[in-house]
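> Input: one structure, supplied below.
The values are calculated or read from the model by the stated rules, or taken from the named source; none is laboratory data. Just so we're clear, the structure is a prediction, and the values are computed from it rather than from any experiment. Using ideal geometry, Cβ is built from the backbone for each residue, glycine included, and neighbour counts are taken over all protein chains shown. Keep in mind that these areas ignore ligands, DNA and RNA; they rest on the heavy atoms of the full protein, side chains included. Shrake-Rupley method; radii C 1.70, N 1.55, O 1.52, S 1.80 Å.
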Amino acid sequence: MATTSKILLLFLISFNLFELLFSIKAAEVCSETERRALLQFKQSLIDPSGRLSSWTSDDCCQWRGITCDLQTGKVIKIDLRNPYNLTYPEYLMSESEIRVFNYSCLSGVVDDSLMQLGQLQYLDLSVNNFHGGQIPQFIGSLNELKYLNLSHAYFAGLIPPNLGNLSNLEYLDLSPFSYTEIYSERLWISDAKWLSELHSLKYLNLRNANLSLISNTWVQALNGLNSLVELRLPHCDLLSFPQSVPSAGFASLQVLHLFDNSFNSSLPLWLFNVTTLVELNLMNSELRGVVSSYPWRNLCNLIVLDLTYNEFSGEIVRLFDSFAECSNFSIEVLHLAYNGLSGVIPESLGELGSLKSLRLFGNLLTGLIPTSVGRLSLLQDLDLSANKLNGSIPESIGQLGGLTYLDLFGNSWAGNFSENHFLKLKSLRVLSLSCTNISLKFDVRQDWVPPFSLQVLLIRDCQLGPTFPPWLETQKDLTKITLIGDGISDSIPSWLWDLSPQVSWLELQNNQLRGTVPGLLIFKPGAHRVDLSSNLLDGVFPVCSNLESVSLSNNNFSGPILSDIGRMIVNTSVLELSGNSFTGEIPASFTEMKKLSNLDLSNNDLIGEILSNWEGLEALNVIDFSQNSLSGGIPSSLCSLPQLQVLKLSDNILSGELSQSLNNCTYVPSIDLGHNRFIGEIPSWIGERLLSVGILVLRDNNLTGSIPESLCHLADLHILDFAHNSLSGSIPRCLGNLSSLTYFKLYNPVMGRVIYSQQVELNVKGREVEYTKILTVVNDIDLSGNNLQGQIPDDITKLSYLGVLDLSGNQLGGKIPESMGNLKLLESLDLSSNELSGSIPPSMTSMTALSYLSLSNNNLSGPIPSGNQFLTFDNPSIYEGNPGLCGFPL
C-alpha cells in the first residue's frame, strides 16, 4: 500500500511538472500582435547581410536578437547590435574592412511599430548605420525600457527630450564609436531638464554629443540622480565646470569621464565630496590650479586618475604627500602627463603598491628616479619621458617583472645602463630611451641574452656603439626599431634585414653605418618608414617595397635611379634621396606614384630635363631637385599640381624666361629658383598670380628689368631674395606694405603627414646661412648685387618684423632713412657698396636686435652713433670706404 502511494505521488508530481513546462512553453510563443509589429519593424530596415533572415517563423521568440518573458511570452528584449568586431574607427580601416563593416550594418528607418511591444525593457541597435537620422521620438514612449543603447549607430540631431519619460531607464548610451563620424551634424541637447527625470539611471554615456547649450546646467541636472554609477561626457563641448552644486549629490557615482572638454577653470571643490569615485578622467579639459592644493585625501577609493594635457602646476612631492594621507590608497592608474608639475619624484612613490600604470611625461620634473620604483611589483606601464630628469637610472627598475612599457625618452641621463637594469624585465615589450651628448652608455656583455622580447625599441643619442649591438639579434619580435645618433660605426648585420618582412618602422639615421644595403628589401605591408639617412652606406639604389616613407639621404649611394622605380614602390608617399651620388636622368616612372607627397632628389648628379608630364600626382606637396645639373625649362604641369607647396629647383642649369616658368604657380607657397640661368624680366603679373607665395628666391640668375610693384600685393611674402641679378630701376616704395612683414605671422606651408624639412639658403650677416627649423619666422629682403638706383624708400622702415635687409652692391644714393631705427627686430643690415651720403641716423641706436652691420664703401659722413648695439660694432671694416665718417671704432 505504501509503495502504491509513492507511485501515485510521483505520478502527480510528474504530471504537475509536465503541465507547468507545457504552460511555460505555451507562454513563450509570442502574440500575433507583437509578431506583426516586429515584421513591420524589419520591413523598414535594410539588412544586406541577412542578419534578420530568421524572422520568418510563427514564433518570434525564436528569432535572432529577440528575447521573450518566460511566463507571459511578451517581447522584453531586442538586441540587434552589430556582431562585427569594430575595434577602431572607420577612418583607420582599409577599404576592404569598410566594405565588410558596411555590409554587416543594419540601416533604414527605426519604425514606430515597436510601440506595440508594451513590455520591452531592452533595446540595442548599436554599431549600425542609420545615416545621420534623428533618434525616433517614439522611443520616449517605451515606458518599460531599462536599457537603451544606440551607440555608434550614426544618429544625429536633437536628442528627443521625451527620453526623460523613461523613468525605469537604468542604462543609456548614445555615444559614437569615435570623434570622427561621417556626418557633420552631431547629436545635441537643447535643455538638460529631461536628464534630471531619469531617476533610475545608473549608466549615462553621451560622448561626442554637443552639450554646449547646457554647459551651465549639466551638473545641476545630474546631481540628483543618486543611482548614477557611471557618467561619461567626454568631448561634449562643455564650457563650464560649475563650482557649486545645490546639495550633496552623485551619491553612488563611481566613474566620471569628462575628458576633451573646454572648462577653462579650476577643479570644483564639490568634486572631492564624491567619495565613492573610483575612476576620474579629466584629460585635456583646460583645467588648471596647483594640483597638490586639492583635498585628494577625500578620494581614497580612486583606482584611476587621469589629468593628462591640462594646466596643473605645483610640486609633485606634495601631491604624493596628499595620497599618503589615505590609509588604504589602492590607485592602479595615475596619469598626470603634459602639465606643469615640477620638483623631484619622491621616494614615497614606492608606497603606491597597487600601481599598474604611471605616466608623468611632459612635465618639469627634475632629479633622479627614486630607487623605490623597484617596489612597484604590479607596474606594467612607466612613462617619464620629456621631463628634466638627470643622473643615473636606478638599477631597481630591473626588479619590475610585470613591466611591459618603459619610456624614459627626452631626459638627460648619464652613467651606465647595465644588465642589472633589465634583470627581471621578462615582460618588457616597449623600450624608449634617449640622453644628451651620448652620456649614457650601454654596458652589457657581448654574449648577453636579454630576458625580454621587445616589439618596439627606440634608443637615441646614447652610446650603443661602436659595434652594432649583438644582443639585438635575440629580439625576434621587433616591429619598430629606432637607433638614431647612437655612435654605431659598423655594418648593418644581415639578420636585421631578415626581419624586414615584419618591420613597419626602421630608423637608423645619424650614425656611421657603412657597407652595402641589399638591392631589394620587402617590408611588412602597410609599413610606415625606413630612414637610413646621414650614414656612410653605399651601393646602388635599394628598392624598399610596401613603405609609406623612405629616406636614404646623405649617404654614398651611386649609380642611376632604376627606370621602373615608380612601379616598384608605387605606394610610397615620401621619397628622400638627397645628398648622394645618383646619376642619370629623373625616371619617368615617378609619375606613376599616385600617392607621392614628398620627392627630394636634391644634391645628386642628376642630368637632363625635368619630366614634362606631372599630371595625376594629386597628393604631391614637395618637389626638391636642387643642387643637380638639370637643364631646360620648368614644365607647366609642375606648378599645376593642386597640392604643391614647395618647389625648389635651385643650383641647376635651368634656363628660359620666368613668364613661362612661373605661369601656373598660383597656389605654391614656396618657390626657390636661385642659382640657375633664367633670363628676361620678372613678370609684371607676379603679384596677381602667385597669390600664395611666402618664399620667393630668384637670386643669382640673369634677370633684367625693374622690380614689379605688383609684388607688394603678396600678403604672405616674408622671404624675398632677388640678389645677384641685373635688375635696375628703383626699389618700389610699396614694399613697405608687405603685410606679413608688418605684423607677426607664423608661416608653415607644408601640411603633409610626414613633414618635409624645408631648407632655404640665404645670405645673412655676410655669409650663406641654411635655414631649416626656424624658417617659419625668418623675414628677409635681399636685393643685393643688382643695378638698383634711387633712394632707399622711407616706407621700408614700416616693416617692423623684418629680420634681414641686404641692399648692398647696388647704386643707391641719397640718405639712409631717418626712421631706420623703427626696424627694432632687424638683426642684419647690409647697405655696403652703394652711393649713400649724409650721416648715419641717430635713431639706429634703438635697433637693439642688430648684430650685423655693414655700411662700408659709401659716401657717409659725420660721427658714428654711440650707445647700445653700436658699442659692439668695433670692427673698422664695418665703416671703411667712407672718408667722412669719424668716431669709434675709426
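> Sort V290, V622 by heavy-atom solvent-accessible area, probe 1.4 angstrom, most to least. Before the final figure, lay out each step's value.
Details: V290 70, V622 0 Å².
Descending accessible area places them as V290, V622.
> Continuing with the same structure: Distance from a point 7 Å along Cα→Cβ of F888 to each backbone N in the stretch 797-833: keep the residues under 12 Å and list them by number.
none
> For R99 and T404, compute 0.36 nm times the residue count separating them, minus their Cα-Cα distance, and round to one decimal in nm.
Length difference between fully extended and current span is 106.3 nm.
> Related question: Where the centroid of each part is defined by its Cα atoms, how far is the stretch 197-264 from the stretch 821-838 in Å?
Result: 62 Å between the Cα centres.
> Sort out for me the Cα centre separation of the stretch 513-530 from the stretch 622-644, rounded to whole Å.
What the calculation gives is 28 Å, centre to centre.
> Just the number, please: carbon plus sulfur as a percent of the accessible area of the stretch 604-656, 1.4 Å probe, no ligands or DNA/RNA counted.
Numbers: 720 of 1750 Å².
Roughly 41 percent of what the probe reaches on the stretch 604-656 is carbon or sulfur.
> To continue, here is another question. Tally Lys and Arg at +1 and Asp and Glu at -1 over the other residues with C-beta under 12 Å from the C-beta of S377: what net charge comes out?
Around S377, the surrounding residues sum to +3.
> To continue, here is another question. Calculate how large, on average over all directions, the projected area of the Cα convex hull of the stretch 112-216 is; give the answer in nm² to one decimal.
6.1 nm²
> Among 588-597, 661-670, how do they line up from the highest to the lowest mean number of other beta-carbon atoms within 10 Å?
661-670, 588-597
> Now for a separate question. Taking the Cα centre of the chain as the origin, how large is its charge dipole in debye, to the nearest 20, when only Lys and Arg (+1) and Asp and Glu (-1) carry charge on their Cβ atoms? Don't skip to the answer; put the middle values down first.
Details: 51 positive and 85 negative charges, 393 e Å.
Value, rounded to 20: 1880 debye.
> Using Cα atoms only, what is the angle between the long axis of helix 32-43 and the major principal axis of the chain, expressed in degrees (0 to 90) to the nearest 10?
20 degrees
> Here is a follow-up. With r defined as the distance between the Cβ atoms of V570 and D447 and R0 fixed at 51 Å, what FRET efficiency is calculated, to the nearest 0.05?
In this case the efficiency is close to 0.75.
> Something else: Applying a 10 Å radius around every beta-carbon, put 687-697, 316-326 in order of their mean neighbour count, most first. Could you put the intermediate results ahead of the total?
On the way: 687-697: 20.9, 316-326: 17.5.
Descending packing order for the listed peptides: 687-697, 316-326.
> Restricting the calculation to Cα positions, tell me the Rg (one decimal) and the Dmax (whole number) of the stretch 273-346 in Å.
That works out to 11.5, 31 Å for Rg and Dmax.
> If you fit an axis through the alpha-carbon atoms of helix 95-104 and take the longest principal axis of the Cα set of the chain, what angle between them do you get, 0 to 90°, nearest 10?
Between helix and principal axis, roughly 20 degrees.
> Quick one: angle between helix 2-28 and the longest Cα principal axis of the chain, in degrees between 0 and 90, rounded to 10, please.
40 degrees
> Against the globular-protein guess of 2.2 N^0.38 Å, express the Cα radius of gyration of the chain as a ratio, rounded to two decimals.
1.23
> Whole-Hz ³J(HN,Hα) for each residue in the stretch 450-463, computed from phi via Karplus 6.51 cos²θ - 1.76 cosθ + 1.60 with θ = phi - 60°, x for glycine and proline: what do you get?
x, x, 9, 10, 6, 9, 10, 10, 9, 10, 10, 6, 10, 8
> What accessible surface, in Å², does a 1.4 Å probe find on Y147, ignoring ligands, DNA and RNA and rounding to the nearest 10?
Near enough 40 Å² of accessible area.
> In debye, nearest 20: dipole of the stretch 123-237 around its Cα centre with unit charges on the Cβ of K, R (+) and D, E (-)?
Computed about the Cα centre, the dipole is about 100 debye.
> Residues of the stretch 808-824 with backbone nitrogen within less than 17 Å of a virtual label 7 Å along the Cα-to-Cβ line of S861, please, listed as ranges.
Those under the cut-off are 813-816.
> Could you rank the peptides 608-614, 794-800 by their average count of other C-beta atoms within 10 Å per residue, with the highest value first?
The peptides rank, most packed first, as 794-800, 608-614.
> What number, rounded to the nearest 500 deg cm²/dmol, is the helix-based mean residue ellipticity at 222 nm of the chain, given -39500 (n - 2.57) per DSSP H run of at least four residues and division by all its residues? If you can, show how the numbers build up before the last one.
Working: 9 runs with 81 residues, N = 890.
The helix contribution divided over the chain gives -2500 deg cm²/dmol.
> Show which aspartates and glutamates lie in cross-link reach of K202 when reach means a straight Cα distance below 14 angstrom and same-chain residues fewer than eight apart are skipped.
E170, D173, E230
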